[in-house]
Amino acid sequence: MPFFVYILASKRNGTLYVGVTNDLARRMTEHKAKLIPGFTRQYGVTLLVYFESFDSVLEARAREHSLKRWRRAWKLKLIEQLNPNWRDLTHELNSLAT
């Protein structure tokens, strides 16, 4: 079972959120429906702009912890390297399930 570290944004260069999950499609449904109380719901952070896949939860948690400590500029550069237009990548999750 893969584990995912992901970055959500409220808009291009907006508020960022870093999270980890073992079911990214389900987690995105929860974020978009604002089912999860807290930061993402309060600040409207629902655009999936970056994600990575890991084979172990320990690797994923270590990466999440690392990214949360990064400077904002580093996170923006990471996002823009793979997603320069800040597209919402949620629709691409269906290809991961196959």
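The values are calculated or read from the model by the stated rules, or taken from the named source; none is laboratory data. Quick caveat, the model's predicted, so the values are computed rather than measured. A quick note on method: Cβ atoms are made from the backbone with ideal geometry, for glycine too, and the neighbour counts reach across all protein chains shown.
Across segment 75-93, which residue is surrounded by the most Cβ atoms within 10 Å (Cβ to Cβ) among those that are charged (D, E, K, R) and at pLDDT 95 or above?
If we take residues in segment 75-93 being charged (D, E, K, R) and at pLDDT 95 or above, then K75 is surrounded by the most Cβ atoms within 10 Å (Cβ to Cβ).
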Exercise for the section: Scan segment 36-56 for residues that are modelled with pLDDT under 95, of a type in the set (D, E, K, R) and either assigned to a loop (DSSP other than H, G, I, E, B) or touching a Phe, Trp or Tyr at 6+ places or on another chain (Cβ under 7 Å) (or both) and report the count. Expected result: 0
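Conditions tested, residue by residue: (1) modelled with pLDDT of 95 or more; (2) at positive phi; (3) of a type in the set (K, R); (4) not in a helix (DSSP H, G or I).
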site: V5; (1), (2), (3), (4): yes, no, no, yes
site: N13; (1), (2), (3), (4): no, yes, no, yes
site: G19; (1), (2), (3), (4): yes, no, no, yes
site: K34; (1), (2), (3), (4): no, yes, yes, yes
site: L58; (1), (2), (3), (4): yes, no, no, no
site: R63; (1), (2), (3), (4): yes, no, yes, no
site: L67; (1), (2), (3), (4): yes, no, no, no
site: A73; (1), (2), (3), (4): yes, no, no, no
site: S95; (1), (2), (3), (4): no, no, no, no
Fill in the blank from the handout: When segment 1-58 is checked residue by residue, the ones that are within 8 Å of the chain's Cα centre (by Cα) and of a type outside the set (A, V, I, L, M, F, W, C) are Y6, Y17, G19, Y50
Practice task
Filter segment 13-67 down to the residues that are loosely packed, with under 13 Cβ neighbours inside 10 Å and basic (K, R), then identify the one that is nearest to E92 (Cα to Cα).
Solution key: R26
